[in-house]
Amino acid sequence: MRSVGSGLELHSTLERICEAAAALTDARYAGIGVIDEDGDALADLVFHGVGAETARRIGRLPDGHTGLLGALIREPGPVRLTDVTEDPRSWGFPDHHPRMRAFLGVPVRVQGDVFGNLYLGEKRGGKPFNDYDVSMVRVLATEAGIAIGNARLYEAAKQRERWIDGSVAVTTALLSGGDAEEALQVVAERARRLSGSAAGIVLLPAAEGGMEIVAVASEQPSDQLGRVVPPDSEIIAQLLAGKPVFVADAATDPVCSAPSRAPTGRSWCCPCRAADGSWERWSRLVRAASGRSRRPSAPSRSSSPRRPRSR
C-alpha cells in the first residue's frame with residue numbers, strides 16, 4: 001500500500017492506485033472513474049492495462065450516464081460479476097473494447113464523499129474475483145481515499161501559490177508605467193495559464209457601448225483582438241452589471257448570441273473590481289495606469305494579430 005500514498009500529484013496518484021489494484025487481484029485491466037461535481041457522470045477516467053493504440057481505437061471515454069459505470073455512480077457499493085456481459089446493466093461497450101468477463105467495482109471515498117469508483121476487469125486465467133479480492137480492494141480503496149485527499153490538498157496549495165504569483169505579476173504589469181498593450185497582454189496570458197484554458201481574453205467597456213477585446217492570449221492565432229461585442233449581448237450585460245458568467249458550452253448556450261469565431265467549449269467570464277468593489281472604477285484605473293483612452297491607441301505588440309478597432 002505504500003506505493004499508493006507516495007507522491008502528491010493527483011493524476012499520478014490515480015495511476016498508481018490502478019496499478020496496485022491490478023497487481024493485488026491479478027487483473028488485466030483497472031481503472032478509476034472520477035465523478036463530476038454534479039455527482040451524476042464521469043469527469044475523468046484513468047485506466048491501466050489498455051495500450052495507447054487500443055485506447056485510440058476505442059475513442060471517446062464513457063461519460064457514466066448509462067451502463068454499468070452509470071449504475072455504480074447512482075448506487076455506490078461493491079459490485080462483483082462473474083460475467084459482465086450477462087448483467088442487464090452492462091451495455092454500450094464501444095467497439096474495440098478489450099474482451100472482459102470478470103468484473104469488480106468498489107467506490108472510493110474521500111473524507112466521506114464518493115470521489116469515484118475503482119474498476120477491475122478480466123482476472124488472469126479466466127477466474128472470477130473472489131472474497132479475498134473484494135476485501136483487499138476495499139482496503140486499497142480506503143488507502144486510496146487518503147492518498148487522493150492528500151493529493152487534492154497539495155494541488156490546491158500549489159494552485160493558490162500560482163494565483164498569488166500571477167496576481168503579483170499582473171499588478172506589477174499594470175502599475176509599472178510600461179507599455180499598455182503589454183500590460184493587458186500579461187493579464188490575459190496569466191489568466192489563461194492559471195485556469196488551464198485554451199484562451200485568455202481581456203475586455204474593457206467600449207465608447208460606443210458593449211465591450212472591446214483589448215488583449216488575447218491563446219495557443220492558436222486569433223483575429224478577435226479589437227472586436228467590440230455589442231451591448232445587447234446577455235454576457236456583456238451581466239459583466240457590465242458586475243456579475244460573473246459561466247457558460248457550459250459557448251457553441252450552444254443561448255447567452256452566447258453574439259457571433260464569434262472564438263473557440264467553443266466551457267467559458268468563464270469574471271468582472272475585475274477595484275479595492276472598493278467597483279467594476280467601473282477598476283476599468284478607469286486600468287485605462288489611467290496603462291495610458292489607454294476610450295479611443296484606439298498605438299498598434300498592439302501582443303502575440304495575436306490586431307484588427308482595426310471599431311470606431
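Observations, loosely collected:
- Shape class for region 164-239: prolate, because the ratio a/c of the largest to smallest gyration tensor axis (alpha-carbon atoms, square roots of eigenvalues) is 1.5 or more and a/b beats b/c.
- Taking a ≥ b ≥ c as the square roots of the eigenvalues of the alpha carbon gyration tensor, region 13-109 is rounded, as a/c is under 1.5.
- Think of region 89-199 as having a plus end and a minus end, set by charges on the Cβ of Lys, Arg, Asp and Glu; of 163, 98, 196, 98 sits farthest toward the positive end of this dipole.
- Shape category assigned to region 112-193 from the gyration tensor of Cα positions, a/c cut at 1.5: prolate
- Gyration tensor over alpha-carbon atoms, region 100-259, equivalent ellipsoid semi-axes in Å: 47, 21, 14
- Here residue 123 is the anchor, and the aspartates and glutamates within straight C-alpha reach of less than 13 Å, apart from those fewer than 8 places off in the same chain, are 26, 83, 133.
- Stretching residue 270 away from residue 82 to a fully extended chain increases their span by 62.6 nm, per 0.36 nm per residue minus the current alpha-carbon distance.
- Once the Cα-Cα distance is subtracted from the 0.36 nm per residue extended length, the residue 44 to residue 26 segment shows a gain of 4.1 nm.
- If R0 is 41 Å, the Cβ-Cβ spacing of residue 135 and residue 172 corresponds to a FRET efficiency of close to 0.15.
- Spatially proximal lysines relative to residue 243 (Cα-Cα < 28 Å; intrachain offsets below 8 disregarded): 158
- Whole-number accessible area per residue in Å² for region 57-180, which is evaluated in the context of all protein chains at 1.4 Å: 57
- Here the extension length gained between residue 220 and residue 124 equals 29.9 nm, from 0.36 nm per residue of separation less the Cα-Cα distance.
- The charge dipole of region 132-251, taken about its Cα centre with unit charges on the Cβ of Lys, Arg, Asp and Glu (plus for the first two, minus for the last two), comes to roughly 540 debye.
- Computed from label points 7 Å out along Cα-Cβ, the spacing between residue 164 and residue 56 is 4.3 nm.
The values are calculated or read from the model by the stated rules, or taken from the named source; none is laboratory data. Because the structure is predicted, anything quoted here is derived from the model rather than measured. Every residue, glycine as well, gets a Cβ built from its backbone with ideal geometry; the counts of neighbours run over all protein chains shown. Keep in mind that these areas ignore ligands, DNA and RNA; they rest on the heavy atoms of the full protein, side chains included. Shrake-Rupley method; radii C 1.70, N 1.55, O 1.52, S 1.80 Å.
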